[in-house]
Amino acid sequence: MPTVTFLPSFRKTEVAQGSTILEAAQKAGFHMNVVCGGQGKCGKCTVMVRSGETEFDREKFGNFFSRDEAGEGACLSCQTRVMGDVRVLIPEGSLVQEQQILIDTPGVPVELDPAVWKYALSLLPPTLDDPSPDLSRLLWGIEKKGGPKEGAIYAPLEVIRQIPKVLRESGWKITATVALVPGGYRLINVEKGNTTSHCYGAAVDLGTTTVVVYLRSLIDGSIVGIGSNYNRQISCGEDILSRVNYAKRGGLGKLQSLATESINAALTTASNSAGIDRDDIYEVVVAGNTIMTHILMGIDPAYMIEEPYVPVVRRHLTTAARRVGLAVGENSGLFIFPAVSDFIGGDIIADILASGMTETNDISLLIDIGTNFEVVLGNRDWMFACAGAAGPALEGGEVLFGMRANPGAIEQVSLDLDTLEPSYRTIRNQKPKGLCGSGLIDLLAELLRACVIDRTGRINPMISHERIREGRQVPEFVVAWRDETSIGKEIVITENDIKALIMSKASILAACQTLMNQAGIERSAISRIYFSGAFGNYINKDHAIMIGLIPEVPVDRVITMGNGAIAGANIALLNRKKKRILDEIARKIAYIELNADPSFMDEYTGSCFLPHTDLSLFPGVERMLDQCRIRRVSP
C-alpha cells in the first residue's frame with residue numbers, strides 16, 4: 001500500500017491506492033478543516049503535494065487556487081487520490097484550529113432538587129442483642145436521616161460487597177449515597193467518614209463540533225468547574241452524515257470511543273480546575289442531537305439517514321455512566337435527553353427547557369443554527385418544529401474567505417456609508433485571516449445598507465470605488481487589503497459568496513414562515529425569538545432582520561440565549577422535576593418534514609432575496625431601502 005508522509009511533522013500512514021489524502025490525514029490523526037464534509041465545495045482542506053503520484057481534477061477544482069498556488073502543488077485533500085508514495089504539506093489553515101467555543105448560559109433560576117443525595121451516618125455496631133444485618137442497619141440509618149424508607153432503596157450487589165469492610169474500618173461512621181433512578185431509589189456508594197460536601201454532577205453539551213461540560217455541586221447548586229474542547233469525532237468526518245457513513249463502514253465502535261474520550265477530556269479539565277475527584281461525580285446529564293447521543297450509547301444510527309428516517313429511540317435514556325466509558329464514579333448514572341426525530345434531538349429539547357417557552361401562553365420562535373438548523377414555534381399548549389440544511393455558508397464554508405470562529409476571523413463589520421471604508425473586529429484582535437459567520441452576516445447587511453449590492457445580491461457595477469472590482473470570475477468587494485491581513489492576500493467577498501449566503505439564510509426564513517403558516521399566525525403574534533448556540537449568540541440582531549434571516553419583529557423581542565443546550569442540561573441536572581417533563585415536551589412537538597411540505601419551496605423562493613420578495617413582511621427594512629441612494633461617484 002502507498003505511504004503518505006505528512007509535512008512538516010513527517011508523520012506517516014499507509015492507505016489503499018485510490019484513497020483520498022483527506023482519508024490518509026484522518027487516519028494519521030490530523031483534524032482537517034472540512035466544512036463541506038469532503039464534497040469539494042468549501043476549499044478549506046487545501047494541501048500541497050510536494051512529491052509523488054496523485055490524481056486531482058484541477059480543471060474542476062482549480063478555481064480555489066491562484067496560478068502560483070497551483071504551481072506549488074496546491075490541491076483539495078478531499079478530492080486528491082493517492083496513487084503511490086507521496087509527501088504532503090498540510091498548511092496550518094487547513095487544520096481545525098482553536099475555536100471560540102460558546103460556554104455561556106443564561107442565568108435561569110432553578111430550584112435545587114437533584115436526584116442524588118448523601119447521608120452522613122453514625123451507626124451502632126451489631127451485638128448479640130441486636131444482630132440486625134449490615135445492610136438493614138445502613139438503610140434504617142438513611143431513613144432516620146430523612147431519606148427514603150428502608151424498603152424503597154435497592155442495593156446492587158457491587159455496593160453490598162463493599163458494606164461490611166467500610167462499616168468496620170470506619171468505626172461505623174460512613175456516608176451513603178442514594179440516587180433516584182427510573183426503577184426507584186438506588187444505593188450507589190458507601191464511603192468512610194463524612195463526605196457529604198463532595199457530591200457533584202456534570203451537565204454536558206455533546207455537540208457535533210464541540211463538547212462543553214459544567215460541573216455543579218449537588219449540595220448548593222454552585223458551578224465548580226467548566227471544561228470544553230473539540231469533539232474528537234471530527235477526525236472521522238466533520239458533519240453528521242460523514243460520521244453516520246463512517247459508522248456504516250464498521251466505525252461505530254471508534255466513534256463511540258471518541259465521544260467518550262471527548263467528554264472525559266472536558267470532565268478532566270473541569271474537575272482539575274475545581275480540585276475535585278471525578279469519582280465524586282454521581283450523575284452525568286447529556287444533551288446532544290439525535291445522532292450524537294445514539295453514537296454515545298453505541299446505538300447504530302445508520303437507519304436515520306434512510307427513509308423513513310426513524311431513530312432507534314426517542315424517549316430519554318438512562319444507564320450506568322461507566323458502561324459507556326465515562327470516567328466518573330463507579331455506580332454513577334447517565335441521563336440522555338429525549339429526541340423528537342432524526343434531526344430534532346435532545347439539544348433542542350434542552351434549548352426549549354432553558355427558554356421557558358413551554359411555560360407561557362405567549363408564542364415564541366426558537367432558532368438554532370449550524371450547518372443544519374432547527375426551528376421551533378409554540379407555547380405551553382402546542383409546538384411545531386422543523387429542521388433543514390442551512391448549508392455551510394453561514395459557518396464560512398462555500399465562501400472564498402469564510403472560516404470558523406478561530407482567532408483572526410473577522411467577527412464584526414461595519415461600512416462607512418459615504419466612503420464605503422470598512423471597520424472590523426477580529427477574534428482575539430489578531431490580523432484578519434477570513435470571515436466567520438457573524439462577520440458575514442454583518443457584511444451582507446452593510447453592503448445592502450450601502451447599496452453596494454441589490455436585493456438579489458448582485459454587486460452594483462455603476463459604483464466607481466477601488467474596493468469594488470471585477471474578480472477572477474465574478475465581481476467582488478475588498479474587505480481587507482493584503483497588508484492588513486495575516487494570510488498574504490486580500491480578503492474579499494464575491495458575488496458568488498453573497499448568493500451562497502442568501503440561499504442559506506433563505507432556508508431558515510422559509511422554515512420560520514412554514515411553521516407560522518402551519519400555526520396560522522402572523523409575525524405580529526410572535527412575542528419572542530430565541531437564538532440558541534454560538535452562531536446566534538454573536539450575530540447582530542438588526543442585521544439578522546435586515547437580510548431576512550428571521551422574521552421582522554421589534555429587535556427587543558430577539559433574545560440571544562447563549563449555549564441553550566448546556567443551559568437546559570444544567571437545569572435537568574439540578575432539578576429532577578424538570579427532568580421528568582422532558583419526555584412530555586418531546587411528545588408535544590409536531591415535527592414538520594420540510595421536504596414533504598409543498599409550501600416550503602414557495603417560501604424558500606420568496607426568501608431568496610434581501611430580505612424577501614414581499615417587502616411588506618419587512619416594513620422597517622423597506623424604509624431603510626427607500627433611504628438608500630446608489631453611489632455612482634467615487635468618494
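The values are calculated or read from the model by the stated rules, or taken from the named source; none is laboratory data. Source: prediction; values computed, not measured. In this analysis, Cβ positions are derived from the backbone assuming ideal geometry, glycine residues included, and neighbour counts consider all displayed protein chains.
Among Val328, Val340, which is within 19 Å of Leu353 (Cβ to Cβ) and crowded, with 19+ Cβ neighbours inside 10 Å? Talk me through it step by step, then tell me what you get.
Numbers: Val328 fails: within 19 Å of Leu353 (Cβ to Cβ).
The match here is Val340.
Can you confirm whether Ile566 is under 30 Å from Trp117 (Cα atoms) and assigned to a helix (DSSP H, G or I)? So that I can check it myself, show each step before the final result.
Details: under 30 Å from Trp117 (Cα atoms): yes; assigned to a helix (DSSP H, G or I): yes.
So Ile566 fits the description; yes.
Quick test of your reading of the structure: Ile291 fulfils all but one of (1) more than 28 Å from Thr196 (Cα to Cα); (2) touching a residue at least 60 places away in the same chain (Cβ under 8 Å); (3) surrounded by 20 or more Cβ atoms within 10 Å (Cβ to Cβ); (4) of a type outside the set (S, T, N, Q). Name the failing condition by number.
If we test Ile291 against (1) more than 28 Å from Thr196 (Cα to Cα); (2) touching a residue at least 60 places away in the same chain (Cβ under 8 Å); (3) surrounded by 20 or more Cβ atoms within 10 Å (Cβ to Cβ); (4) of a type outside the set (S, T, N, Q), just (2) comes out false.
If you scan region 131-162, which residues turn out to be in a loop (DSSP other than H, G, I, E, B) and not basic (Lys, Arg)?
Pro131, Ser132, Pro133, Gly146, Gly147, Pro148, Ala155, Pro156, Gln162 - these are the residues of region 131-162 that are in a loop (DSSP other than H, G, I, E, B) and not basic (Lys, Arg).
Only residues that are outside any helix (DSSP H, G or I), over 30 Å from Val34 (Cα atoms) and out of contact with any Lys or Arg (no Cβ under 9 Å at 6 or more places or on another chain): list them for region 350-379, please. Even if it seems obvious, please write down each step before you answer.
Step one: list which residues in region 350-379 are outside any helix (DSSP H, G or I), which gives 356, 360-379.
Adding the requirement that they be over 30 Å from Val34 (Cα atoms) leaves 356, 360-365, 377-379.
Matches in region 350-379: Gly356, Leu377, Asn379.
Scanning region 548-563 for residues that are in a loop (DSSP other than H, G, I, E, B) and out of contact with any Pro (no Cβ under 6 Å at 6 or more places or on another chain), which turns out surrounded by the most Cβ atoms within 10 Å (Cβ to Cβ)?
Per the criteria, the residue is Asn563.
Among (1) small (Gly, Ala, Ser); (2) surrounded by fewer than 16 Cβ atoms within 10 Å (Cβ to Cβ); (3) closer than 19 Å to Thr419 by Cα, which single condition is Gly488 missing?
(3)
Select from region 588-628 the residues that are without any contact (Cβ under 8 Å) to a residue 60 or more places away in the chain and charged (D, E, K, R) and write down the one among them that is nearest to Arg523 (Cα to Cα).
Asp614
Which residues, counting only those in region 313-349, are farther than 24 Å from Asn595 by Cα and assigned to a loop (DSSP other than H, G, I, E, B)? Break it down into steps so the answer makes sense when it comes.
Quick first cut of region 313-349, residues farther than 24 Å from Asn595 by Cα only: 315-337.
Correct list: Arg315, His316, Gly325, Leu326, Ala327, Val328, Gly329, Glu330, Asn331, Ser332, Phe337.
Check whether at least one residue in region 398-414 is closer than 21 Å to Ala565 by Cα, of a type outside the set (Val, Ile, Thr), buried (at least 18 other Cβ atoms within 10 Å of the Cβ) and out of contact with any Asp or Glu (no Cβ under 6 Å at 6 or more places or on another chain), and report yes or no.
Looking for residues that are closer than 21 Å to Ala565 by Cα, of a type outside the set (Val, Ile, Thr), buried (at least 18 other Cβ atoms within 10 Å of the Cβ) and out of contact with any Asp or Glu (no Cβ under 6 Å at 6 or more places or on another chain), one finds at least one in region 398-414, hence yes.
Using beta carbons and a limit of 7 Å, which pairs, at least six apart or on different chains, have the first residue in region 248-265 and farther than 16 Å from Val204 by Cβ and the second one part of a helix (DSSP H, G or I) and not hydrophobic (A, V, I, L, M, F, W, C)?
Matching pairs, first to second residue: Leu255/Gln233; Leu255/Arg243; Leu255/Tyr246.
Would you mind finding the one in Ile491, Ile441 that is in contact with a Ser or Thr (Cβ under 8 Å, 6 or more places away or on another chain), in the same structural domain as Ser414 (by TED's automatic domain parsing), under 17 Å from Ile410 (Cβ atoms) and modelled with pLDDT of 95 or more?
On the way: Ile441 fails: in contact with a Ser or Thr (Cβ under 8 Å, 6 or more places away or on another chain).
Sole residue among the options that is in contact with a Ser or Thr (Cβ under 8 Å, 6 or more places away or on another chain), in the same structural domain as Ser414 (by TED's automatic domain parsing), under 17 Å from Ile410 (Cβ atoms) and modelled with pLDDT of 95 or more: Ile491.
Show me the strands (runs of 3 or more DSSP E) found entirely inside region 445-547 where at least 3 residues are within 28 Å of Leu617 (Cα to Cα). Can you show your working first?
Working: elements: 468-470, 475-480, 491-494, 526-532.
Ranges flagged: 526-532.
Do we have any residue at all in region 65-85 that's of a type in the set (Asp, Glu), in contact with a Pro (Cβ under 9 Å, 6 or more places away or on another chain), under 20 Å from Phe30 (Cα atoms) and in the same structural domain as Phe10 (by TED's automatic domain parsing)? Explain how you work it out, then say what you get.
Quick first cut of region 65-85, residues of a type in the set (Asp, Glu) only: 68-69, 72, 85.
Cutting the leftovers down to in contact with a Pro (Cβ under 9 Å, 6 or more places away or on another chain) gives us 85.
In the following step, the residues that additionally are under 20 Å from Phe30 (Cα atoms) were identified as 85.
Now restrict to residues that are in the same structural domain as Phe10 (by TED's automatic domain parsing): 85.
Looking through region 65-85, at least one residue is of a type in the set (Asp, Glu), in contact with a Pro (Cβ under 9 Å, 6 or more places away or on another chain), under 20 Å from Phe30 (Cα atoms) and in the same structural domain as Phe10 (by TED's automatic domain parsing).
Considering region 169-185 alone, what residues qualify as being free of Cβ contacts under 8 Å to residues at least 40 places away in the same chain and of a type in the set (D, E, K, R)? Spell out how you get there, then give the answer.
Taking region 169-185 and keeping what is free of Cβ contacts under 8 Å to residues at least 40 places away in the same chain, we get 169-171, 183-185.
Result: Glu169, single match.
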